[in-house]
Amino acid sequence: MQQQHWNIVADLIHVGAWFKNRGIVMLNICLIVPLCVASLNGFDSSVLNGLQIVPDFKRWFNYPNSHEMGLMNSAQNMGALLALPLTPIASDRLGRRKALFIGSCIMLAGVAVQVIANNMQTLIGARAIIGFGLCFTTNAAPLLITELAYPTQRGQITSLYNSSWYLGAIIAAWLTYGTLNHLGGTMWSWRVPSIVQALPCVIQIVFVWFIPESPRWLISRQRDQEAIDILGKYHANGDTRDPLVMFEYTQILSALRMEREIYRQTSYLTLFKTPGNRRRMLIVIGIGLFSQWSGNGLVSFYITLILDGVGIKNPATQAWINGTLQIWNFIVAVSAALLVDKVGRRTLFLISNSGMVVVFAMWTLTTALFQTLGNVVAAKATIPLIFAFFAAYDLAYTPLLVAYCLEILPFEIRARGFAVMNLTVVLTLAFNQFINPYAFEALGWRYYLFYCVWLVFELFFVWHFLVETKGKTLEETAALFDGQEKIDNLQQVASIAAEQSIVAQQEHYPLQNRPRRRSFTLAEKSRDIPSTDDLHSLQNPTHDDLRLQETALAKGELADLGLRPYTPT
(Lines give C-alpha, C1' and ligand atoms only; values in the text may rest on other atoms or scores of the structure.)
Protein backbone atom coordinates (compact mmCIF):
# COMPACT_ATOMS: atom_id res chain seq x y z
CA MET A 1 0.00 0.00 0.00
CA GLN A 2 1.67 3.23 -1.14
CA GLN A 3 1.40 6.09 1.37
CA GLN A 4 4.26 8.41 0.57
CA HIS A 5 2.18 10.54 -1.81
CA TRP A 6 -0.70 11.04 0.63
CA ASN A 7 -0.62 13.75 3.25
CA ILE A 8 -3.74 13.99 5.40
CA VAL A 9 -5.09 10.51 4.68
CA ALA A 10 -1.69 8.87 5.21
CA ASP A 11 -2.28 8.33 8.94
CA LEU A 12 -5.74 6.85 8.45
CA ILE A 13 -5.22 4.19 5.81
CA HIS A 14 -4.33 0.54 6.20
CA VAL A 15 -0.61 -0.16 6.50
CA GLY A 16 0.87 -3.25 4.94
CA ALA A 17 -0.09 -5.61 2.13
CA TRP A 18 -3.64 -5.02 0.93
CA PHE A 19 -4.31 -8.75 0.60
CA LYS A 20 -3.93 -9.09 4.37
CA ASN A 21 -6.86 -6.73 4.94
CA ARG A 22 -10.12 -8.67 4.65
CA GLY A 23 -12.25 -5.64 3.80
CA ILE A 24 -10.01 -4.51 0.95
CA VAL A 25 -9.77 -8.08 -0.39
CA MET A 26 -13.56 -8.43 -0.44
CA LEU A 27 -13.91 -5.01 -2.06
CA ASN A 28 -11.43 -5.83 -4.83
CA ILE A 29 -13.19 -9.13 -5.52
CA CYS A 30 -16.44 -7.18 -5.92
CA LEU A 31 -14.78 -4.76 -8.32
CA ILE A 32 -13.95 -7.62 -10.70
CA VAL A 33 -17.55 -7.46 -11.96
CA PRO A 34 -17.41 -3.84 -13.23
CA LEU A 35 -13.83 -4.41 -14.38
CA CYS A 36 -15.23 -7.07 -16.75
CA VAL A 37 -17.01 -4.30 -18.66
CA ALA A 38 -13.77 -2.97 -20.13
CA SER A 39 -12.68 -6.49 -21.12
CA LEU A 40 -16.05 -7.02 -22.80
CA ASN A 41 -15.64 -3.70 -24.59
CA GLY A 42 -12.18 -4.77 -25.74
CA PHE A 43 -13.46 -8.12 -26.94
CA ASP A 44 -16.40 -6.60 -28.78
CA SER A 45 -14.33 -3.84 -30.36
CA SER A 46 -11.61 -6.26 -31.50
CA VAL A 47 -13.57 -9.33 -32.54
CA LEU A 48 -14.56 -7.87 -35.91
CA ASN A 49 -10.96 -6.85 -36.49
CA GLY A 50 -9.99 -10.50 -36.09
CA LEU A 51 -12.98 -11.86 -38.00
CA GLN A 52 -12.13 -9.74 -41.04
CA ILE A 53 -9.03 -11.92 -41.38
CA VAL A 54 -11.11 -15.15 -41.35
CA PRO A 55 -11.94 -16.28 -44.93
CA ASP A 56 -15.19 -18.01 -43.81
CA PHE A 57 -16.48 -14.74 -42.36
CA LYS A 58 -15.80 -12.93 -45.63
CA ARG A 59 -17.41 -15.73 -47.61
CA TRP A 60 -20.51 -15.90 -45.37
CA PHE A 61 -21.18 -12.19 -45.82
CA ASN A 62 -20.35 -12.19 -49.52
CA TYR A 63 -16.96 -10.46 -49.30
CA PRO A 64 -17.93 -7.03 -47.95
CA ASN A 65 -16.44 -4.03 -49.74
CA SER A 66 -14.73 -1.07 -48.03
CA HIS A 67 -18.05 0.79 -47.64
CA GLU A 68 -19.72 -2.20 -45.94
CA MET A 69 -16.65 -2.75 -43.75
CA GLY A 70 -16.79 0.87 -42.61
CA LEU A 71 -20.52 0.64 -41.85
CA MET A 72 -20.10 -2.69 -40.05
CA ASN A 73 -17.30 -1.33 -37.83
CA SER A 74 -19.10 1.94 -37.09
CA ALA A 75 -22.52 0.39 -36.36
CA GLN A 76 -21.59 -0.24 -32.72
CA ASN A 77 -20.70 3.41 -32.27
CA MET A 78 -23.93 4.49 -33.95
CA GLY A 79 -25.85 2.48 -31.36
CA ALA A 80 -23.75 3.98 -28.57
CA LEU A 81 -24.43 7.45 -29.94
CA LEU A 82 -28.18 6.89 -29.58
CA ALA A 83 -27.77 5.72 -25.97
CA LEU A 84 -25.41 8.45 -24.81
CA PRO A 85 -28.06 11.00 -23.68
CA LEU A 86 -29.75 8.30 -21.59
CA THR A 87 -26.75 6.78 -19.83
CA PRO A 88 -25.98 9.55 -17.29
CA ILE A 89 -29.69 9.74 -16.44
CA ALA A 90 -29.74 6.02 -15.69
CA SER A 91 -26.51 6.16 -13.67
CA ASP A 92 -27.59 9.21 -11.64
CA ARG A 93 -31.26 8.36 -11.05
CA LEU A 94 -31.27 4.58 -10.88
CA GLY A 95 -27.79 4.05 -9.46
CA ARG A 96 -24.60 2.63 -10.87
CA ARG A 97 -25.56 -1.03 -10.40
CA LYS A 98 -28.98 -0.83 -12.08
CA ALA A 99 -27.54 1.04 -15.06
CA LEU A 100 -24.89 -1.69 -15.39
CA PHE A 101 -27.59 -4.38 -15.26
CA ILE A 102 -29.72 -2.68 -17.95
CA GLY A 103 -26.77 -2.31 -20.31
CA SER A 104 -25.71 -5.94 -19.87
CA CYS A 105 -29.23 -7.20 -20.73
CA ILE A 106 -29.35 -5.10 -23.91
CA MET A 107 -25.90 -6.32 -24.94
CA LEU A 108 -26.89 -9.94 -24.41
CA ALA A 109 -29.82 -9.44 -26.79
CA GLY A 110 -27.51 -7.90 -29.41
CA VAL A 111 -25.03 -10.78 -29.14
CA ALA A 112 -27.87 -13.26 -29.74
CA VAL A 113 -28.85 -11.45 -32.95
CA GLN A 114 -25.20 -11.34 -34.09
CA VAL A 115 -24.78 -15.11 -33.64
CA ILE A 116 -27.75 -15.92 -35.88
CA ALA A 117 -27.02 -13.21 -38.48
CA ASN A 118 -27.34 -14.47 -42.06
CA ASN A 119 -26.73 -11.24 -43.95
CA MET A 120 -24.86 -7.97 -43.59
CA GLN A 121 -27.96 -5.97 -42.66
CA THR A 122 -28.71 -8.21 -39.67
CA LEU A 123 -25.09 -8.11 -38.55
CA ILE A 124 -25.04 -4.32 -38.69
CA GLY A 125 -28.28 -4.17 -36.67
CA ALA A 126 -26.82 -6.54 -34.05
CA ARG A 127 -23.71 -4.38 -33.76
CA ALA A 128 -25.90 -1.33 -33.18
CA ILE A 129 -27.84 -3.08 -30.38
CA ILE A 130 -24.58 -4.17 -28.75
CA GLY A 131 -23.28 -0.60 -28.91
CA PHE A 132 -26.50 0.74 -27.36
CA GLY A 133 -26.19 -1.57 -24.36
CA LEU A 134 -22.42 -1.18 -24.09
CA CYS A 135 -22.86 2.57 -23.68
CA PHE A 136 -24.86 2.01 -20.45
CA THR A 137 -22.28 -0.36 -19.01
CA THR A 138 -19.25 1.76 -19.93
CA ASN A 139 -20.84 4.79 -18.23
CA ALA A 140 -21.87 3.03 -15.01
CA ALA A 141 -18.97 0.61 -14.41
CA PRO A 142 -16.05 3.09 -14.14
CA LEU A 143 -18.19 5.43 -12.01
CA LEU A 144 -18.83 2.56 -9.62
CA ILE A 145 -15.15 1.60 -9.51
CA THR A 146 -13.74 5.08 -8.90
CA GLU A 147 -16.40 5.91 -6.27
CA LEU A 148 -16.08 2.62 -4.41
CA ALA A 149 -12.36 1.76 -4.49
CA TYR A 150 -10.14 2.07 -1.42
CA PRO A 151 -8.70 5.63 -1.40
CA THR A 152 -5.05 4.74 -2.02
CA GLN A 153 -5.97 2.12 -4.64
CA ARG A 154 -8.44 4.24 -6.58
CA GLY A 155 -5.93 5.53 -9.13
CA GLN A 156 -4.47 2.11 -9.87
CA ILE A 157 -7.77 0.19 -9.99
CA THR A 158 -9.54 2.78 -12.14
CA SER A 159 -6.51 2.75 -14.45
CA LEU A 160 -6.64 -1.05 -14.55
CA TYR A 161 -10.26 -0.75 -15.69
CA ASN A 162 -9.43 0.66 -19.09
CA SER A 163 -6.21 -1.37 -19.27
CA SER A 164 -8.27 -4.55 -19.03
CA TRP A 165 -9.73 -3.58 -22.42
CA TYR A 166 -6.75 -5.39 -23.89
CA LEU A 167 -7.56 -8.57 -21.98
CA GLY A 168 -10.76 -8.80 -24.01
CA ALA A 169 -8.84 -7.88 -27.15
CA ILE A 170 -6.32 -10.67 -26.46
CA ILE A 171 -9.10 -13.23 -26.06
CA ALA A 172 -10.78 -12.00 -29.26
CA ALA A 173 -7.55 -12.04 -31.29
CA TRP A 174 -6.38 -15.50 -30.22
CA LEU A 175 -9.86 -16.99 -30.27
CA THR A 176 -10.27 -15.97 -33.92
CA TYR A 177 -6.76 -17.29 -34.59
CA GLY A 178 -7.73 -20.63 -33.02
CA THR A 179 -11.04 -20.92 -34.85
CA LEU A 180 -9.29 -20.00 -38.10
CA ASN A 181 -6.89 -22.94 -37.66
CA HIS A 182 -9.24 -25.53 -36.15
CA LEU A 183 -12.70 -24.64 -37.49
CA GLY A 184 -11.72 -23.25 -40.88
CA GLY A 185 -14.14 -24.03 -43.65
CA THR A 186 -17.22 -23.89 -41.39
CA MET A 187 -19.45 -21.09 -40.17
CA TRP A 188 -18.29 -21.82 -36.59
CA SER A 189 -14.92 -20.25 -37.36
CA TRP A 190 -16.63 -16.86 -36.92
CA ARG A 191 -19.71 -17.74 -34.86
CA VAL A 192 -17.80 -19.20 -31.89
CA PRO A 193 -16.11 -15.85 -31.10
CA SER A 194 -19.55 -14.21 -31.28
CA ILE A 195 -21.00 -16.73 -28.82
CA VAL A 196 -18.15 -16.12 -26.34
CA GLN A 197 -19.22 -12.45 -26.20
CA ALA A 198 -22.26 -13.51 -24.19
CA LEU A 199 -20.26 -14.82 -21.22
CA PRO A 200 -19.23 -11.46 -19.65
CA CYS A 201 -22.80 -10.19 -20.10
CA VAL A 202 -24.16 -13.15 -18.15
CA ILE A 203 -21.55 -12.64 -15.40
CA GLN A 204 -22.56 -9.01 -14.97
CA ILE A 205 -26.30 -9.74 -15.02
CA VAL A 206 -25.96 -12.39 -12.29
CA PHE A 207 -23.29 -10.93 -10.00
CA VAL A 208 -23.99 -7.18 -10.15
CA TRP A 209 -26.45 -7.58 -7.26
CA PHE A 210 -23.73 -9.04 -5.04
CA ILE A 211 -21.53 -5.92 -5.15
CA PRO A 212 -22.12 -2.72 -3.14
CA GLU A 213 -23.56 0.47 -4.60
CA SER A 214 -21.47 3.63 -4.83
CA PRO A 215 -21.42 5.29 -1.37
CA ARG A 216 -21.21 8.69 -3.04
CA TRP A 217 -24.38 7.99 -5.00
CA LEU A 218 -26.12 6.78 -1.83
CA ILE A 219 -25.18 9.95 0.07
CA SER A 220 -26.44 12.06 -2.84
CA ARG A 221 -29.81 10.26 -2.45
CA GLN A 222 -29.90 10.91 1.32
CA ARG A 223 -29.18 7.26 2.12
CA ASP A 224 -26.29 8.15 4.39
CA GLN A 225 -26.42 5.17 6.73
CA GLU A 226 -26.17 2.71 3.84
CA ALA A 227 -23.13 4.59 2.55
CA ILE A 228 -21.48 4.59 5.98
CA ASP A 229 -22.13 0.86 6.35
CA ILE A 230 -20.47 0.19 2.96
CA LEU A 231 -17.47 2.40 3.77
CA GLY A 232 -17.13 0.72 7.15
CA LYS A 233 -17.44 -2.82 5.79
CA TYR A 234 -14.99 -2.49 2.91
CA HIS A 235 -12.65 0.34 3.97
CA ALA A 236 -12.42 -0.38 7.74
CA ASN A 237 -13.33 -4.06 8.24
CA GLY A 238 -16.79 -3.29 9.59
CA ASP A 239 -15.97 -0.34 11.88
CA THR A 240 -18.38 2.38 10.83
CA ARG A 241 -16.84 4.91 13.27
CA ASP A 242 -13.29 4.31 12.05
CA PRO A 243 -11.38 7.60 11.50
CA LEU A 244 -10.99 6.83 7.78
CA VAL A 245 -14.72 6.24 7.42
CA MET A 246 -15.48 9.50 9.24
CA PHE A 247 -12.97 11.32 7.04
CA GLU A 248 -14.41 9.93 3.81
CA TYR A 249 -18.06 10.37 4.77
CA THR A 250 -17.61 13.94 5.98
CA GLN A 251 -15.57 14.94 2.94
CA ILE A 252 -18.07 13.39 0.51
CA LEU A 253 -20.98 15.12 2.24
CA SER A 254 -19.16 18.47 2.36
CA ALA A 255 -18.19 18.21 -1.31
CA LEU A 256 -21.78 17.46 -2.30
CA ARG A 257 -23.01 20.48 -0.33
CA MET A 258 -20.43 22.73 -1.97
CA GLU A 259 -21.35 21.42 -5.41
CA ARG A 260 -25.06 21.92 -4.85
CA GLU A 261 -24.47 25.49 -3.78
CA ILE A 262 -22.80 26.04 -7.17
CA TYR A 263 -25.05 23.79 -9.28
CA ARG A 264 -28.59 24.43 -8.14
CA GLN A 265 -29.83 22.36 -11.06
CA THR A 266 -27.61 20.20 -13.21
CA SER A 267 -27.86 19.75 -16.95
CA TYR A 268 -25.41 19.42 -19.81
CA LEU A 269 -25.13 23.23 -19.83
CA THR A 270 -23.78 23.02 -16.27
CA LEU A 271 -20.65 21.41 -17.69
CA PHE A 272 -19.67 24.74 -19.26
CA LYS A 273 -21.09 27.36 -16.85
CA THR A 274 -18.12 28.03 -14.57
CA PRO A 275 -14.46 28.66 -15.46
CA GLY A 276 -13.46 25.52 -13.55
CA ASN A 277 -15.94 23.39 -15.44
CA ARG A 278 -14.92 24.81 -18.79
CA ARG A 279 -11.31 23.87 -18.15
CA ARG A 280 -12.37 20.42 -16.97
CA MET A 281 -14.39 19.84 -20.12
CA LEU A 282 -11.60 21.13 -22.35
CA ILE A 283 -9.34 18.46 -20.88
CA VAL A 284 -12.03 15.74 -20.96
CA ILE A 285 -12.89 16.41 -24.62
CA GLY A 286 -9.23 16.78 -25.56
CA ILE A 287 -8.18 13.47 -23.99
CA GLY A 288 -11.18 11.70 -25.51
CA LEU A 289 -10.26 13.04 -28.94
CA PHE A 290 -6.57 12.19 -28.58
CA SER A 291 -7.33 8.65 -27.41
CA GLN A 292 -8.61 7.77 -30.90
CA TRP A 293 -6.89 10.30 -33.13
CA SER A 294 -3.30 9.50 -32.25
CA GLY A 295 -2.82 6.99 -35.06
CA ASN A 296 -3.83 4.00 -32.94
CA GLY A 297 -7.13 3.71 -34.78
CA LEU A 298 -5.24 2.78 -37.94
CA VAL A 299 -4.21 -0.54 -36.42
CA SER A 300 -7.10 -1.09 -33.99
CA PHE A 301 -9.70 -1.52 -36.73
CA TYR A 302 -7.81 -1.87 -40.01
CA ILE A 303 -4.77 -3.98 -39.24
CA THR A 304 -5.43 -5.95 -42.44
CA LEU A 305 -4.99 -2.80 -44.53
CA ILE A 306 -1.89 -1.76 -42.56
CA LEU A 307 -0.19 -5.13 -43.02
CA ASP A 308 -1.28 -5.37 -46.66
CA GLY A 309 0.37 -1.99 -47.16
CA VAL A 310 3.77 -3.36 -46.10
CA GLY A 311 3.47 -6.64 -47.98
CA ILE A 312 2.26 -8.99 -45.21
CA LYS A 313 -0.86 -10.60 -46.70
CA ASN A 314 -1.02 -14.13 -45.27
CA PRO A 315 -4.16 -14.38 -43.04
CA ALA A 316 -2.48 -16.62 -40.44
CA THR A 317 0.52 -14.27 -40.18
CA GLN A 318 -1.78 -11.26 -39.83
CA ALA A 319 -3.79 -13.02 -37.10
CA TRP A 320 -0.59 -13.95 -35.24
CA ILE A 321 0.71 -10.36 -35.34
CA ASN A 322 -2.68 -9.06 -34.21
CA GLY A 323 -2.80 -11.45 -31.25
CA THR A 324 0.79 -10.75 -30.19
CA LEU A 325 0.17 -7.02 -30.37
CA GLN A 326 -2.78 -7.28 -27.97
CA ILE A 327 -0.66 -9.17 -25.42
CA TRP A 328 2.05 -6.53 -25.70
CA ASN A 329 -0.51 -3.75 -25.23
CA PHE A 330 -1.95 -5.44 -22.15
CA ILE A 331 1.47 -5.85 -20.49
CA VAL A 332 2.45 -2.21 -21.08
CA ALA A 333 -0.96 -0.81 -20.05
CA VAL A 334 -1.15 -2.79 -16.81
CA SER A 335 2.44 -1.83 -15.94
CA ALA A 336 1.60 1.84 -16.51
CA ALA A 337 -1.59 1.54 -14.44
CA LEU A 338 0.47 0.37 -11.47
CA LEU A 339 2.73 3.43 -11.82
CA VAL A 340 0.09 6.18 -11.82
CA ASP A 341 0.55 7.02 -8.13
CA LYS A 342 4.35 6.77 -8.25
CA VAL A 343 5.20 8.56 -11.49
CA GLY A 344 2.11 10.77 -11.69
CA ARG A 345 -0.60 11.24 -14.30
CA ARG A 346 0.82 14.32 -16.01
CA THR A 347 4.30 12.80 -16.31
CA LEU A 348 2.92 9.65 -17.94
CA PHE A 349 0.96 11.73 -20.46
CA LEU A 350 4.05 13.77 -21.38
CA ILE A 351 6.21 10.66 -21.85
CA SER A 352 3.45 8.98 -23.85
CA ASN A 353 2.86 11.87 -26.24
CA SER A 354 6.58 12.50 -26.75
CA GLY A 355 7.15 8.84 -27.60
CA MET A 356 4.28 8.75 -30.08
CA VAL A 357 5.58 11.81 -31.95
CA VAL A 358 8.98 10.20 -32.50
CA VAL A 359 7.86 6.64 -33.27
CA PHE A 360 4.98 7.56 -35.58
CA ALA A 361 7.29 9.71 -37.68
CA MET A 362 9.58 6.69 -38.12
CA TRP A 363 6.56 4.47 -38.90
CA THR A 364 5.48 6.94 -41.60
CA LEU A 365 8.97 6.88 -43.12
CA THR A 366 9.21 3.07 -43.34
CA THR A 367 5.74 2.79 -44.88
CA ALA A 368 6.59 5.49 -47.44
CA LEU A 369 9.84 3.75 -48.39
CA PHE A 370 8.07 0.45 -49.01
CA GLN A 371 5.12 1.90 -50.95
CA THR A 372 7.23 4.21 -53.12
CA LEU A 373 10.50 2.28 -53.53
CA GLY A 374 9.51 -1.27 -52.63
CA ASN A 375 12.08 -1.33 -49.82
CA VAL A 376 11.55 -4.71 -48.09
CA VAL A 377 13.84 -3.85 -45.18
CA ALA A 378 11.69 -0.81 -44.41
CA ALA A 379 8.57 -2.99 -44.54
CA LYS A 380 10.02 -5.39 -41.99
CA ALA A 381 10.96 -2.46 -39.73
CA THR A 382 7.35 -1.31 -39.68
CA ILE A 383 6.25 -4.22 -37.47
CA PRO A 384 8.50 -3.43 -34.46
CA LEU A 385 7.67 0.26 -34.89
CA ILE A 386 3.96 -0.55 -34.52
CA PHE A 387 4.77 -2.31 -31.25
CA ALA A 388 6.91 0.62 -30.09
CA PHE A 389 4.16 3.10 -30.98
CA PHE A 390 1.59 1.23 -28.92
CA ALA A 391 4.01 1.01 -26.01
CA ALA A 392 4.12 4.81 -25.98
CA TYR A 393 0.36 5.08 -26.40
CA ASP A 394 -0.37 2.58 -23.63
CA LEU A 395 1.71 4.45 -21.06
CA ALA A 396 -1.06 7.03 -20.63
CA TYR A 397 -4.05 6.84 -22.94
CA THR A 398 -5.06 3.29 -22.12
CA PRO A 399 -4.86 3.45 -18.29
CA LEU A 400 -5.69 7.14 -17.79
CA LEU A 401 -8.35 7.91 -20.39
CA VAL A 402 -11.09 6.94 -17.94
CA ALA A 403 -9.27 7.38 -14.62
CA TYR A 404 -8.08 10.95 -15.20
CA CYS A 405 -11.35 12.21 -16.66
CA LEU A 406 -13.43 10.78 -13.82
CA GLU A 407 -11.28 12.10 -11.00
CA ILE A 408 -11.25 15.72 -12.21
CA LEU A 409 -15.07 15.80 -12.50
CA PRO A 410 -17.14 16.65 -9.36
CA PHE A 411 -19.86 14.16 -8.42
CA GLU A 412 -22.82 16.28 -9.56
CA ILE A 413 -21.53 16.46 -13.14
CA ARG A 414 -19.40 13.30 -13.22
CA ALA A 415 -21.84 11.07 -15.12
CA ARG A 416 -22.71 13.80 -17.65
CA GLY A 417 -19.10 14.87 -18.11
CA PHE A 418 -18.06 11.27 -18.62
CA ALA A 419 -20.87 10.85 -21.16
CA VAL A 420 -19.45 13.82 -23.10
CA MET A 421 -16.04 12.13 -23.07
CA ASN A 422 -17.64 8.93 -24.39
CA LEU A 423 -19.49 10.97 -27.02
CA THR A 424 -16.16 12.42 -28.15
CA VAL A 425 -14.68 8.93 -28.37
CA VAL A 426 -17.69 7.56 -30.26
CA LEU A 427 -17.73 10.39 -32.81
CA THR A 428 -13.97 10.09 -33.33
CA LEU A 429 -14.21 6.32 -33.69
CA ALA A 430 -17.06 6.64 -36.18
CA PHE A 431 -14.99 9.07 -38.22
CA ASN A 432 -11.96 6.77 -38.09
CA GLN A 433 -13.89 3.64 -38.99
CA PHE A 434 -15.75 5.19 -41.88
CA ILE A 435 -13.06 7.48 -43.31
CA ASN A 436 -9.87 5.46 -42.81
CA PRO A 437 -10.55 2.85 -45.56
CA TYR A 438 -11.18 5.59 -48.13
CA ALA A 439 -8.18 7.63 -46.95
CA PHE A 440 -5.90 4.57 -47.19
CA GLU A 441 -7.16 3.85 -50.69
CA ALA A 442 -6.82 7.43 -51.90
CA LEU A 443 -3.66 8.66 -50.13
CA GLY A 444 -1.65 5.62 -49.08
CA TRP A 445 1.28 6.51 -46.82
CA ARG A 446 0.58 10.26 -47.21
CA TYR A 447 -2.42 9.82 -44.92
CA TYR A 448 0.08 9.23 -42.09
CA LEU A 449 1.41 12.78 -42.43
CA PHE A 450 -1.80 14.19 -40.96
CA TYR A 451 -1.22 12.22 -37.76
CA CYS A 452 2.41 13.36 -37.56
CA VAL A 453 1.29 16.98 -37.36
CA TRP A 454 -1.62 16.21 -35.06
CA LEU A 455 0.59 14.36 -32.54
CA VAL A 456 2.76 17.47 -32.12
CA PHE A 457 -0.38 19.47 -31.27
CA GLU A 458 -1.40 16.80 -28.73
CA LEU A 459 1.96 17.10 -26.96
CA PHE A 460 1.56 20.88 -26.65
CA PHE A 461 -1.99 20.50 -25.31
CA VAL A 462 -0.95 17.99 -22.64
CA TRP A 463 2.01 20.12 -21.52
CA HIS A 464 -0.12 23.28 -21.28
CA PHE A 465 -3.43 22.11 -19.77
CA LEU A 466 -3.03 18.90 -17.75
CA VAL A 467 -2.43 19.14 -14.00
CA GLU A 468 -1.04 16.55 -11.58
CA THR A 469 -3.62 14.77 -9.39
CA LYS A 470 -1.69 12.06 -7.53
CA GLY A 471 -1.87 11.88 -3.75
CA LYS A 472 -5.35 13.43 -3.38
CA THR A 473 -8.73 12.02 -2.47
CA LEU A 474 -11.44 11.89 -5.11
CA GLU A 475 -13.19 14.94 -3.65
CA GLU A 476 -9.97 16.96 -3.44
CA THR A 477 -9.01 16.08 -7.01
CA ALA A 478 -12.44 17.06 -8.30
CA ALA A 479 -12.09 20.45 -6.61
CA LEU A 480 -8.67 21.21 -8.16
CA PHE A 481 -10.09 23.60 -10.75
CA ASP A 482 -12.21 25.52 -8.23
CA GLY A 483 -9.34 26.94 -6.20
CA GLN A 484 -7.15 25.84 -3.29
CA GLU A 485 -9.61 27.40 -0.84
CA LYS A 486 -12.22 24.71 -1.49
CA ILE A 487 -9.63 21.93 -1.17
CA ASP A 488 -8.50 23.37 2.19
CA ASN A 489 -12.09 23.49 3.42
CA LEU A 490 -12.69 19.86 2.43
CA GLN A 491 -9.52 18.77 4.18
CA GLN A 492 -10.32 20.70 7.37
CA VAL A 493 -13.88 19.47 7.74
CA ALA A 494 -12.94 15.85 7.13
CA SER A 495 -9.85 16.08 9.34
CA ILE A 496 -11.83 17.27 12.34
CA ALA A 497 -14.24 14.35 12.00
CA ALA A 498 -11.36 11.89 11.71
CA GLU A 499 -9.62 13.38 14.76
CA GLN A 500 -12.76 13.06 16.88
CA SER A 501 -12.91 9.38 16.00
CA ILE A 502 -9.21 8.94 16.79
CA VAL A 503 -9.67 10.53 20.24
CA ALA A 504 -12.58 8.20 20.92
CA GLN A 505 -10.53 5.14 19.95
CA GLN A 506 -7.65 6.23 22.15
CA GLU A 507 -9.96 6.64 25.11
CA HIS A 508 -11.96 3.44 24.73
CA TYR A 509 -9.82 0.87 22.89
CA PRO A 510 -6.89 -0.99 24.48
CA LEU A 511 -3.66 -0.28 22.60
CA GLN A 512 -3.35 -3.82 21.25
CA ASN A 513 -6.88 -3.74 19.79
CA ARG A 514 -6.50 -0.55 17.79
CA PRO A 515 -6.53 -0.77 13.99
CA ARG A 516 -3.07 -1.04 12.52
CA ARG A 517 -1.91 2.36 11.23
CA ARG A 518 1.32 4.24 11.08
CA SER A 519 0.59 6.07 14.33
CA PHE A 520 -2.15 6.78 16.82
CA THR A 521 -0.48 9.51 18.87
CA LEU A 522 -2.11 12.91 18.84
CA ALA A 523 1.34 14.49 18.81
CA GLU A 524 2.03 13.04 15.35
CA LYS A 525 -1.58 13.38 14.24
CA SER A 526 -1.53 17.11 14.90
CA ARG A 527 1.25 17.54 12.39
CA ASP A 528 -1.04 16.33 9.60
CA ILE A 529 -4.58 16.96 10.84
CA PRO A 530 -5.50 20.16 12.72
CA SER A 531 -7.22 19.48 16.05
CA THR A 532 -10.21 21.45 17.25
CA ASP A 533 -8.08 23.05 19.99
CA ASP A 534 -5.05 23.86 17.85
CA LEU A 535 -6.59 25.03 14.58
CA HIS A 536 -5.65 28.68 15.25
CA SER A 537 -1.99 27.82 15.77
CA LEU A 538 -1.90 25.91 12.48
CA GLN A 539 -3.11 28.86 10.40
CA ASN A 540 -0.70 30.44 7.95
CA PRO A 541 0.16 33.80 9.54
CA THR A 542 -0.16 35.53 6.17
CA HIS A 543 -3.84 34.62 5.92
CA ASP A 544 -6.54 37.01 7.13
CA ASP A 545 -9.60 36.35 9.26
CA LEU A 546 -11.46 34.72 6.36
CA ARG A 547 -9.57 31.46 6.97
CA LEU A 548 -10.69 31.49 10.62
CA GLN A 549 -14.28 32.01 9.53
CA GLU A 550 -14.01 29.01 7.21
CA THR A 551 -12.71 26.93 10.12
CA ALA A 552 -15.68 27.98 12.20
CA LEU A 553 -17.99 26.95 9.37
CA ALA A 554 -16.24 23.60 9.22
CA LYS A 555 -16.88 23.09 12.95
CA GLY A 556 -20.50 24.13 12.49
CA GLU A 557 -20.98 21.69 9.65
CA LEU A 558 -19.67 18.87 11.82
CA ALA A 559 -22.15 19.82 14.50
CA ASP A 560 -24.93 19.74 11.92
CA LEU A 561 -23.88 16.23 10.96
CA GLY A 562 -24.16 15.13 14.56
CA LEU A 563 -20.62 13.74 14.64
CA ARG A 564 -19.53 12.96 18.18
CA PRO A 565 -16.76 10.83 19.69
CA TYR A 566 -17.76 7.19 19.52
CA THR A 567 -18.40 5.44 22.82
CA PRO A 568 -18.48 1.64 22.62
CA THR A 569 -21.32 -0.10 24.36
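Of note:
- Order by protection proxy (mean Cβ within 10 Å, highest first), peptides 338-349, 265-276: 338-349, 265-276
- Anisotropy class assigned to segment 13-213 is prolate, per the alpha carbon gyration tensor with a/c at or over the 1.5 cut-off and a/b larger than b/c.
- Inter-label distance for Thr324 and Ile351, nm, one decimal - labels placed 7 Å from Cα along Cα-to-Cβ: 2.5
- Taking every protein chain into account, the accessible area of segment 218-264 amounts to 40 square angstrom per residue (probe 1.4 Å).
- For Cys105, the solvent-accessible surface with a 1.4 Å probe is about 50 Å², rounded to the nearest 10.
- Portion, in percent, of the accessible area of segment 266-494 that falls on carbon or sulfur, probe 1.4 Å: 72
- Gyration tensor verdict on segment 401-464 (Cα atoms; rounded if a/c is under 1.5, prolate if a/b is larger than b/c, oblate otherwise): oblate
- Once the 1.4 Å probe is applied to the protein heavy atoms, segment 13-213 comes out at 34 Å² accessible per residue.
- Across all directions, the average flat footprint of the convex hull enclosing the Cα atoms of segment 171-219 is 4.7 nm².
- Spatially proximal lysines relative to Lys273 (Cα-Cα < 29 Å; intrachain offsets below 8 disregarded): Lys470, Lys472, Lys486
- You can think of it this way: the chain between Lys20 and Gln121 has 31.1 nm of extra reach, that is 0.36 nm per residue less the Cα-Cα gap.
- Förster radius 45 Å - calculated FRET efficiency between Ile435 and Gln265 (Cβ-Cβ, nearest 0.05): 0.70
- Of all accessible heavy-atom area on segment 218-264, the percent that carbon and sulfur account for (1.4 Å): 43
- Using bins of 5 Å that start at zero, the share of Cα-Cα pairs per bin across segment 218-264 amounts to 5, 24, 27, 21, 12, 6, 3, 0, in whole %.
- Only lysines eight or more places from Lys20 in sequence, or on another chain, were considered; those with a Cα closer than 16 Å are Lys233.
- Taking 0.36 nm per residue of sequence separation and removing the Cα-Cα distance, the Ile32/Asn314 pair yields an extension gain of 97.8 nm.
- Once the 1.4 Å probe is applied to the protein heavy atoms, segment 266-494 comes out at 35 Å² accessible per residue.
- Of all accessible heavy-atom area on segment 13-213, the percent that carbon and sulfur account for (1.4 Å): 71
- Working from Cα pairs under 8 Å separated by at least six residues, relative contact order for segment 266-494 is 35 percent.
- Three-way shape label, segment 266-494, alpha-carbon gyration tensor, a/c 1.5: prolate
- With the simple spin-label model, which puts each label point 7 Å out from Cα in the Cβ direction, the Met187 to Met78 separation comes to 2.3 nm.
- For Met78, the solvent-accessible surface with a 1.4 Å probe is about 90 Å², rounded to the nearest 10.
- Gap separating the Cα centres of segment 444-486 and segment 20-35, nearest whole Å: 30
- When you count the other C-beta atoms within 10 angstrom of each residue and take the mean per peptide, 368-381, 417-430 line up highest first as 417-430, 368-381.
The values are calculated or read from the model by the stated rules, or taken from the named source; none is laboratory data. Just so it is clear, the model here is predicted, and its values are computed rather than measured. With ideal geometry, Cβ positions are generated from the backbone for all residues, glycine too; neighbour counts draw on all protein chains shown. Heavy atoms of the whole protein, side chains included, go into the accessibility calculation; ligands, DNA and RNA do not. Shrake-Rupley method; radii C 1.70, N 1.55, O 1.52, S 1.80 Å.
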